[in-house]
Amino acid sequence: MINNITPVLLITGYLGSGKTTLLNRILANNEGIKFAVIVNDIGEVNIDAALIQRGGIVGQDGDDNLVPLQNGCICCTLKTDLVEQLSSLVAQHRFDYIVIEASGICEPAPIAQTIAAYPQLYPQFAKNGIARLDSIVTVVDALRLKDEFDYGDELTQNHDHDDENLASLVVEQVEFCNKILLNKISEVSEEEAGRITSILRELQPHADITPCDFCDVPVKSLLNTAAFDFEKVATSARWIEVIEGHAEEDEDAHAHEHRHGHDDEHEHDGHEHEHDGHEHGHDHEHKHGDNCHCHHCHHNDKGEALEYGISTFVWYRRRPLNMNKFDFIVSKKWPAGIIRCKGVCYFDDDKDMCYLFEQAGKQISMRNAGQWYATMPAEELADFLEKNPGVKRDWDDTYGDRMQKLVFIGQHMDREAIIKDLDFCLADE
C-alpha cells in the first residue's frame, strides 16, 4: 500500500484564457498549502514560468518548486519528462500539492492518462510515493467563445493561421475535464453568457461550470476535491453519451425511433477504436431510464438548449458511404451551425475498415480506427458474439457491426437538410 500520495491539479485552456492568472491566484492562497508547480510552455522561453516568478510567488530565493518543461508538449513529446518530474517532486516529501499548467495547445486526455498510468507502467518512479490526479480545470475565455460560437462565425478570421486549431482544441479541453471556469464573463452580455454556457453544457454535460472574472474563484473549490475519475471523465462528453445511448433510427423511416426498456442494459458495439490518441473501448454499460441522457430526452435540465437553438442528434445508417460524395458534402456544404460532429463511418471502396470522423469548427479529421468485427473468421466471430451480447443484439445480417453513426451538436441546425445531404452520400447497392 502506498502511503505517500500527492494530489495533482491539472489546469488546461487555450492561449490567453487566464490559466496563469488562475495559477497565481492559487499559489497566493493563505491556506498554508505548500505547492510545487510544473509549467509547460512551447518555445525556448517559458513565458508562463516567467510571469509566475515575477509575481514573487514561487521559484524565488533558490527554491526549486517551479519546474518549467518547455520545447515540447507534456501531452506527447514530454510525457517521460512529466513522469520523472512528478516522481521527483513526490519523493521530496516537501509538497502538499502539485499544480500543472498545461500548454495552451495541449490536449488534456493524454496528460491525464500519463498521470493515472505511470505507477503501473513505470513502477521505478513510484517507489517513494505517487502523484494522483485530483481535478482537471479548463479555463475558457467567454469573449473569444462568443465570437467562436457566433452562429458559426469562426474566431480564426480575426487571427493568424496559428489559431486554425482553436475550435478543435477548445472542444477537446472542454470535453475532458471535471470543472470549467468561464472566465472574463463580464465582457459579454447576459444573453451571450447564457448562450455560451448552454453550448458548453451541451459539449460537456457533467462538468461544473463557474462564470468568473480574472479566475476569481474560491481556492477551496479547486483543491482536494476527489472529483476526477478517469473513466467517468473519459466518457462524459455529450458526443460519447449520445452515441452510446442513441435510440436507433430505422434506415428507411427517419422518424421511427426504437427505444430500449427502462431496465435494459445497452452496451455499445464494443469496438475498441482509437480515440484521442489512445484505445477507447465503448464497452461500458449504459442504462436507459430515469438517468438517460439520450438525445431525445435530455435537452438540458433548464431548457437552455431549446432557448438558444442548441440541439443534438445522431445520423445512423447501415449502408456504406461513397467517399467522393462525402468529401464534397464535408468540404462544400457543411453547415456553419455545426459546432461538433464525431462518430464512426465506413466507405464502399473498403467496407472492412472503420474510420473515426471528427469535426470542431473548421478543423476536420478522419483516421483509421481498425477493422469491423464482421471481418473476423467465422468461428472466432461466433464465439465473440456469444460473449458480447451487446454486439450481438445490434448485429445486422447484411452489414454485421458496420454502420454510420455520427453525433451532431450545434445551434440552429437544419436537421432535415443535414440528413438529406448525408443520405445523398450513401453508396448505391
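Details
- Filtered residues of the range 199-213 (kept if open to solvent by 50 Å² or more (accessible area, probe 1.4 Å) and in contact (Cβ under 8 Å) with a residue 40 or more places away in the chain): ARG201, PRO211
- Residues of the range 1-25 that turn out to be over 21 Å from the mean Cα position of the chain (by Cα) and surrounded by fewer than 24 Cβ atoms within 10 Å (Cβ to Cβ), as a count: 11
- The set of residues in the range 177-212 being closer than 15 Å to LYS19 by Cβ and in a loop (DSSP other than H, G, I, E, B) consists of CYS177, LYS184, CYS212.
- Criterion violated by GLU84 - all others in (1) open to solvent by 10 Å² or more (accessible area, probe 1.4 Å); (2) modelled with pLDDT under 85; (3) in a helix (DSSP H, G or I) satisfied: (2)
- Exactly one residue out of ASP147, ASP134 is buried (at least 20 other Cβ atoms within 10 Å of the Cβ) and not hydroxyl-bearing (Ser, Thr, Tyr), and it is ASP134.
- Selected residue [touching a residue at least 60 places away in the same chain (Cβ under 8 Å), more than 23 Å from ARG238 (Cβ to Cβ) and open to solvent by 50 Å² or more (accessible area, probe 1.4 Å)] from PRO377, PRO389: PRO389
- Within the range 101-131, considering residues that are over 14 Å from LYS79 (Cβ atoms), open to solvent by less than 20 Å² (accessible area, probe 1.4 Å) and not in a loop (DSSP other than H, G, I, E, B), the one modelled with the highest pLDDT: ILE130
- Taking the conditions (1) surrounded by fewer than 20 Cβ atoms within 10 Å (Cβ to Cβ); (2) out of contact with any Ser or Thr (no Cβ under 8 Å at 6 or more places or on another chain); (3) under 28 Å from GLN173 (Cα atoms); (4) of a type outside the set (Lys, Arg) in turn, VAL314 satisfies each one other than (1).
- All of (1) at pLDDT 85 or above; (2) open to solvent by less than 20 Å² (accessible area, probe 1.4 Å) hold for ASP96 with one exception: (2).
- Every listed requirement among (1) part of a strand (DSSP E or B); (2) open to solvent by less than 30 Å² (accessible area, probe 1.4 Å); (3) not acidic (Asp, Glu) is met by LYS351 save one, (2).
- Residue in the range 147-154 that is out of contact with any Phe, Trp or Tyr (no Cβ under 8 Å at 6 or more places or on another chain), at pLDDT below 90 and part of a helix (DSSP H, G or I) present: yes
- Among the conditions (1) hydrophobic (A, V, I, L, M, F, W, C); (2) free of Cβ contacts under 8 Å to residues at least 12 places away in the same chain; (3) under 30 Å from GLY194 (Cβ atoms), ILE339 misses just one, which is (2).
- The C-beta contact set for the range 223-239 (first residue on the phi > 0 side of the Ramachandran plot and part of a helix (DSSP H, G or I), second residue open to solvent by less than 50 Å² (accessible area, probe 1.4 Å) and of a type in the set (Asp, Glu), distance under 7 angstrom, 6+ apart or interchain) is empty.
The values are calculated or read from the model by the stated rules, or taken from the named source; none is laboratory data. Quantities reported herein were computed from a predicted structural model and do not represent experimental measurements. All Cβ positions, glycine included, derive from the backbone under ideal geometry; neighbour counts span all protein chains shown. Areas reflect the complete protein model, heavy atoms only, side chains present, ligands, DNA and RNA absent. Shrake-Rupley method; radii C 1.70, N 1.55, O 1.52, S 1.80 Å.
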